[in-house]
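Every read-out reported here was derived from the displayed coordinates using simple, explicitly stated rules and does not represent laboratory data. Note that this is a predicted model, so its numbers are computed, not measured. Positions of Cβ are backbone-derived with ideal geometry, glycine not excepted, and every protein chain shown enters the neighbour counts.
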Amino acid sequence: MPLVLLHGLPLDGTSWAEAAAGIETPTWAPTLYHLGSTVTGWAEAVVDQIGAGPLVLVGSSVGASCALEVARLVPGRVQHLVLVGGKAGHRRDPAQHAAVHRIVDEEGMAGGWDRIWAPLLSHPGPAVADRERPPWPSPGPATTSRWSDRPPSGS
C-alpha cells in the first residue's frame with residue numbers, strides 16, 4: 001500500500017526525503033505545484049497518478065488540505081490519514097493569491113521564499129530566515145533509495 005507524503009508551503013516534495021528514508025513501503029512525495037494550481041487540482045492529480053488500490057496519506061499544512069481533498073474524492077481507498085497543521089477550509093484573498101502566483105511564476109520558489117515566506121521568519125533578524133531557507137533543488141526528478149517524487153510503479 002503506497003504512502004503519499006504531501007508537503008506544506010513553501011516547501012516541495014523533497015522536504016520529505018529524510019523522513020521517508022527509513023520507510024519500507026513504496027513512498028511518493030510529489031511537488032504539489034507541478035500538479036495544478038488549486039488544492040482540488042492537486043488532489044485530483046494525486047488520485048490519477050497513484051493508480052488503483054488503497055493508500056496512506058500524510059499531509060502537512062496545505063498538504064494536509066490536499067490530503068483531506070483526496071480523502072473526499074476517494075474515501076474508500078484512504079486507509080490511514082495523518083494531518084499536520086492543516087485546515088479543512090480555505091480563506092482566499094484574491095489579491096494575495098494572485099501576488100503569490102505571480103512571484104512564484106516569475107521568480108520560482110527561491111524568489112517566493114525571499115519575498116513571501118522569509119519575512120514571516122525575519123524576527124529577530126534575517127539570520128533566522130537564512131538558516132531556515134530550504135535547499136531548492138534543480139528542476140527534475142529527485143529520488144533517494146525508497147522515496148520518489150513520482151508515483152510508485154505498479155500501484
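Quick rundown of the values:
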{"item": "Ascending count of other beta-carbon atoms within 10 Å, so fewest first, for 15, 37, 60", "result": "37, 15, 60"}
{"item": "Sites residue 97 and residue 49, calculated FRET efficiency, Cβ-Cβ separation with R0 25 Å, nearest 0.05", "result": "0.50"}
{"item": "HN-Hα J in Hz across segment 57-65 - Karplus 6.51, -1.76, 1.60, θ = phi - 60°, x for Gly and Pro", "result": "10, 10, x, 10, 6, 5, x, 5, 4"}
{"item": "Which of 23, 103 has the fewest Cβ neighbours within 10 Å, and the rest in rising order", "result": "23, 103"}
{"item": "Surrounding net charge for residue 104, when Lys and Arg each add one and Asp and Glu each subtract one, Cβ distance under 14 Å", "result": "-3"}
{"item": "Under Karplus coefficients 6.51, -1.76 and 1.60, residue-wise ³J(HN,Hα) of segment 42-47 in Hz, glycine/proline x", "result": "4, 4, 4, 5, 4, 4"}
